[in-house]
Structures are given as structure tokens and as C-alpha cells.
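The values are calculated or read from the model by the stated rules, or taken from the named source; none is laboratory data. None of the values given here were measured: they were computed from a predicted structure. Backbone-built Cβ (ideal geometry, glycine too); neighbour counts: all protein chains shown. When the accessible area is computed, the model is the full protein with side chains, heavy atoms only, and any ligands, DNA or RNA have been set aside. Shrake-Rupley method; radii C 1.70, N 1.55, O 1.52, S 1.80 Å.
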Amino acid sequence: MIGRILKYDDFFNDAKPNDRFSLIAHIPRSELIANFSSINHKLKAPLALEFNYTLENQINIISTIFQIHNVKENLKYCKVYLDRLSQIFEHSRGGIAIATRTSCLYALNDLLFSKQIEHEEIIGIKFYPQDFEAIFKFLLLSNEDLLNYNSVYDEEITADNLGSEFFEVFMFKEIPNNQYSYVQNPINLLERSRCLFDYIKSKYSQELKEFTQLYQINDAEDYIKIIANGFFFDSGMTNIQAYRVKKTNKLHIARMDMLSKRGGGKPNTGVKKFEFLEIKKAPLYKLEGAEGKDEDIYILMDNTFLIEKCYDLFFWDFYFDVLKPKGIKIEDWGSEVGKFFEEYSDTILRRIFDKQKDINIKSTNELVVKGVEYADFLIRRKRQIVLIQAKRTFLPQIKYKEVYSLEDYKEINKEEFYERFGLNQIVDMSIARINEYLYEVDPNTPKSKLFIYPVLLINEPIISMGITTYIFNKKFYDLMNEKRIPLESKEYRISRLVILHIGELERLQKALKKRSIKLDQFLAGYASSTDIKQIRNPYAQFQTLDNYIRKKVKAGAIPDYLMQGGGIIQKLVEFGQKSAGIN
């Protein structure tokens, strides 16, 4: 966990420059993009499932900035900074970072839009020690500029001022930053993407064809494979991910150009500070080969945005590139993807539990009573009942994600926010009407005391953070209290609310199917691990399910069926053989 991002004052005693771009304006934009793409790559390589903030890796980042991998003698120019980093790391007992993914994205977005940079590219450029130091200073100053939104903590957003509201304000304020810290398993994400494309073919067949033709392909599945090959491609470079494409390969150039097309976003200003649409829309940066050169080079600025072009970002790309120009409302598109999300979740749950004789699973139409849906999923093992509300929401990019002051916080429709994720529904319907509906949808439910585990199954990683899971659980208890629903009675005992991201369910499915864990016991264990009365650790209540899975689940994160015929792995291999890879 990162507690502090390092700033200029952590390494330098001199006055900060008024304009950080004055330090690096003479360095070509291409070299600066390459540097910060490299830092981002080192923090999380494509196949890594967590960010690497070890001291060794952070030393490696500074060493790379000073190009020690090319010239060993450059160590003398940065040794003082390496020693200082080690000193801070030891004093802080870890928990510090020279850079984060968010700070890299922030710097990259600034570099893409800066008009102060004097050169796009200089062939054969020679770097001097002061250039390395300038880039290092620019990194630290970018960290500081990114974190300017934290200044209100010292004045407005304090525990003394806000009392019990502090953590909720903190949650809304940190959502924009924290959303870029969540890591999904790429193989599971690609399979989810393949299922989404199969699902929308029936309703949006023509629109999907128009979208894929933008990349000069005829099949939606090939779009996924192109993105996947770019993600997994080994460029042979340890410090950066880049692709060399022969200019004669016109088709491949055209596809890569679609992923490096500039002009889709805006600078880091105002409420859009954390949006990074320019990089989301085009995560590659193109270096067009000069006259006489037979290849173009494409630098991957952020591998997560690239793989998300198949799913999370595809939602927006498909809407803005194809659906919106046709007059299709985002609510209609969001509703269709919401239906897919429920069907996809149902497929996973039934694949896990259908052959487990002690498990009774019901979903969607099986849970409708008198025209009212009791829950999206009900999973019962004897007296243990898991009640799930599944929500694929599409939050407005600004309305909920940007809070810089108490005034911003007060303007948020907080009740609508929680309702969008199913919090009210799971209390008002799934729990409040247990006695009324449960035995109708599941007549074989035992009459003895039941143990209820409420779960929100979500698609948005922005609420899968520690502070957010804590606040949602607190709101859950508040709603229970308002409705005068006891957490325990003669009929039942209700566990804490669990937020389960679809990526976490995908990671759990192999262990659940092999029965190395049982879902209700796993949820009970998580509840106990976050109970500060049991653990006697005030930080325990902020533990995410993601962290708990990493600690407790040893089974593989990729289910067996993906490795078999028809799975995404086989399809990627076949595509790789057909196209001989991305280059």
C-alpha cells in the first residue's frame, strides 16, 4: 500500500522552478514520452497482477532515468538520489513511491499536450547528466502538481471538521486517483470481452461491423486478438514496450495508427485532471520513421489502457465512435451491457455450482415474485445463503468522480450513487423481505436459523478500494438501522456487505469449482478479517476482497475451460499463428 508519493523537496533543497517544463523543453517529446512510458512499464509489466513498489524496483526506475543500463559511469550522477531514496524507504518502512501509474499518466498527458517542448524528435540525440537530472526533477514536480488536489485536506477535509462524514468525503475525493490502482487478470478480461462481443452481435451487428472496419478487420473477435497480441507482445526490451512495424505493412500500420491517433482528449486542467482521455483513446505513441527509414515505431504508454480497449474502454469507444452518431442513447447502450453483465455472471456461477449437489443456485426469472425481482442471484448451501445484486453501471465521468472540495461533495447526489450499485435494493428487497419472499423462491430452505451473506457484484473497479468497501458497508449498516432490520434475530444472522468485482469472481471460480474453498465460508472469513473487534487492528476494516483473495486463495486465477478448445487461449494462439504475431 502506498502512503506517500515522493516530491521535489524529498531530494532537492533549492527553490523549485516556477515552470517545470522549463527544465525539459529542450528534450524531444519522443524521448520524454519514452522515459515516462518506461517508468509506467516498470511499475507494472503486462502480465504482472500487482504494482511493483519494492525498493529495488524504485532504484531501477531512477537508474533507468539516468540510463545506467547504457552507460555504467552514469551511476555517479544519481548515487546521491539512490541513497536518499533508500534512506526515505527505510525510515518510512516502505509505503512510499517515486512514481505511481496515476502520476505517470498525468506526466504523459501533460507531455502530449505541451506546446513548450521545442522538438518532436532529434535523430541521434546525445544526453548529458543535466538532462537526466532535469527529467528526474520533472517527475517529482509532476507528482507534486498531481497531488495539489490534496491541499484541501489541511483546511476543509479533516476528521476534526467532518467527524463521521470524513471517510465518505475522503472516498469520493480519492476515487479519481484510486481507480487507476486496480489490476485485473488479462486472460479473464479477454474472455469476458469475447463473451460481450458475442452477446451484442445480435442487437448491434451492423454497428459492430462498422466499428471493426475502423481497424480494417471484418470480425469482432479479431479486434480482441489484435489488442491482445499488442498487450502480450515481447518487444525484447526490458525497459519499455514498443513495436517496430515495416512501412510496407500498410494494413498493420493502419491498425496501429488507430491506437495512436492523437486529439481524443484534453490537458490536465480543471475537473478533468484525472480523466486521461487522450491516452485511453490512443495508448500508443507513434514515432514515424524519417525519410530513408523502413519502419515506424509505436511506444506503448500504458498497457492497462490497451487491454481495457476490449472491455471497459470499449464501452465508451463503441458508443462515441459508432452509436452516438446514430442517435442511440447511452442509457440504451448501458442497459444492453447491463443485461450482458447479468447473463455473464450467471454463466460463471452456474459453471461453478451446477454440479455441486449441496448447492442450490437460482437467478433472474427464478427469483421473481409477484412481478418483483427478489435478488439477481441466490446461492444456498444448507442454512448458508448468499444473496447477490449484480450491477453494471456507467458513472458519468465528472458528476461522481471528481471531488476537490466540500462544496463538490455536497453537490453530489449520494443516494443516487449508492442506489446505482444496488445498495438500496439489497436492503429494501433482498433482506427486508426475507420472511416474505425467501421461502417462495426457495421452498427447500431450512426453517432453522439462517446465515445471510449480502453481496454487491459490480463491474466498476472504482469502488473496489479499501476506503470504498468500508463506506459501502457502513452505509449498509445505516440503511439496516433506518429500516429497523436487526443484524441478528431468531430467524437469521446477517453478515457484513461484501463488494465483489467481476474480476474477483473470475479469479475465484477455479477454487470454488474444485471446492478448495466454499463461497459462504470464504465470505465469512473475509467478514471476520475486517472485524476490528476480532482482529484488534483499526486498519483491518479497510481490507479489500482483492487483498483477501491474494492471501487466502492458492488455486490458479485462470479457470481450466479457458485453456481448452474454444477458450480464449486457443483463439489467441491460432490468431498468432495466422498473423505471425503483431510484428
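In table form, for the structure just shown:
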{"read-out": "Tail beyond 35 Å, pair distance distribution of the chain (Cα, percent)", "value": "43"}
{"read-out": "Helix 330-353 vs. the chain, principal-axis angle (Cα, 0 to 90°, nearest 10)", "value": "70"}
{"read-out": "Label-to-label distance, nm, for residues given as ILE535 and ASN547 (7 Å Cα→Cβ offset)", "value": "0.6"}
{"read-out": "Gain on full stretching of the segment that runs from ILE2 to LYS126 - 0.36 nm per residue minus C-alpha separation", "value": "41.1 nm"}
{"read-out": "Computed over the range 332-552, Kirkwood Rh from alpha-carbon pairs, angstrom", "value": "18.1"}
{"read-out": "Label zone at GLU73, where the point sits 7 Å out along the Cα-to-Cβ direction: the range 90-134 residues whose backbone N lies under 18 Å", "value": "126-133"}
{"read-out": "Accessible area (Å², per residue) of the range 470-512, counting only protein heavy atoms and a probe of 1.4 Å", "value": "42"}
{"read-out": "In degrees, nearest ten, helix 466-482 long axis to first principal axis of the chain (Cα)", "value": "30"}
{"read-out": "Probe 1.4 Å, accessible area per residue of the range 4-150, Å²", "value": "45"}
{"read-out": "Apportionment of accessible area to carbon and sulfur, the chain, percent (1.4 Å)", "value": "49"}
{"read-out": "Computed [θ] at 222 nm, helices only, for the chain once each DSSP H run of length n ≥ 4 contributes -39500 (n - 2.57)", "value": "-14000 deg cm²/dmol"}
{"read-out": "For the chain: relative contact order, % (alpha-carbon pairs under 8 angstrom, 6 or more apart)", "value": "14"}
{"read-out": "Estimated inter-spin distance, THR269 and MET237, nm [label 7 Å along Cα→Cβ]", "value": "3.1"}
{"read-out": "Relative contact order %, the range 4-150, counting alpha carbon pairs below 8 Å whose residues are six or more apart", "value": "47"}
{"read-out": "Label point at SER114 placed 7 Å out along Cα→Cβ; residues across the range 1-43 whose backbone nitrogen lies under 14 Å", "value": "17-37"}
{"read-out": "Contour excess over end-to-end distance, with Cα ends at ARG350 and ASP408 and 0.36 nm allotted per residue", "value": "16.6 nm"}
